[in-house]
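Written below as structure tokens is the structure these notes are about.
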Amino acid sequence: MPKVIVGLLCALGVAAVLAVAASAEGGPPYRRTTPRGSFGTDGPELVVGVPGGRAWGIESALIPVPDERTGLRATVEVSDPEVREAFVRIAWYDRATGRPRQFALTDARFVRAGETATLELALDPPAGAVAYRVRVLARLLTPRALSEPDAIRVNLSAPFARPAGVPATRLLP
């Protein structure tokens, strides 16, 4: 019995270390969207490689929708010429537990091979959204290709408060 408990504690410790190592700036843990992809960290950067076919990459754990207006910044660098496009996607969910299905998507602009772009995404949830995931996805030029393991580097900020959309006013004499 003690060996089982020790083994379980070791497995939980390894899982915790991997979850912390695969998070951005102490944010939510990230995981690959396919086991055929690669994923790691290089300091604060998340490093992603993807196989051909659909859009693949990494995704965060479910994050509750904040009460205030928020946004996040993502700096995405695509170095592999096999990558047709990389992008950041926010997937919206109507439940924050279990295995909910996404019901809406918000995509940032595409970043092409050889480009580095800093994107600012407004986290404006659609009606009924209670949680979201941040995804960094990419599509390759050739369906059967495989990107370099470090094809995409991304640095994600923690969500930050956005000021209310109040128009600028000017008082006239």
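For this structure, a couple of remarks:
- Cα-centred dipole magnitude for region 44-131, charges only on beta-carbon of K, R (+1) and D, E (-1), debye, nearest 20: 340 debye
- In the context of the full set of protein chains, residues of region 87-156 present 54 Å² of accessible surface per residue (probe radius 1.4 Å, heavy atoms only).
- Percent carbon-and-sulfur accessible area, region 35-75, ignoring ligands, DNA and RNA, probe 1.4 Å: 50 percent
- Accessible area expressed per residue, region 24-85, with surrounding protein chains retained (probe 1.4 Å, Å²): 47 Å²
- Accessible surface comparison of Thr142, Thr118, probe 1.4 Å, protein chains only, largest first: the order is Thr118, Thr142.
The values are calculated or read from the model by the stated rules, or taken from the named source; none is laboratory data. As the structure is a prediction and not an experimental result, all values here were calculated from the model. Reconstructed Cβ throughout: ideal geometry from the backbone, glycine too, with neighbour counts over all protein chains shown. With ligands, DNA and RNA removed, areas are computed over all heavy atoms of the protein, side chains included. Shrake-Rupley method; radii C 1.70, N 1.55, O 1.52, S 1.80 Å.
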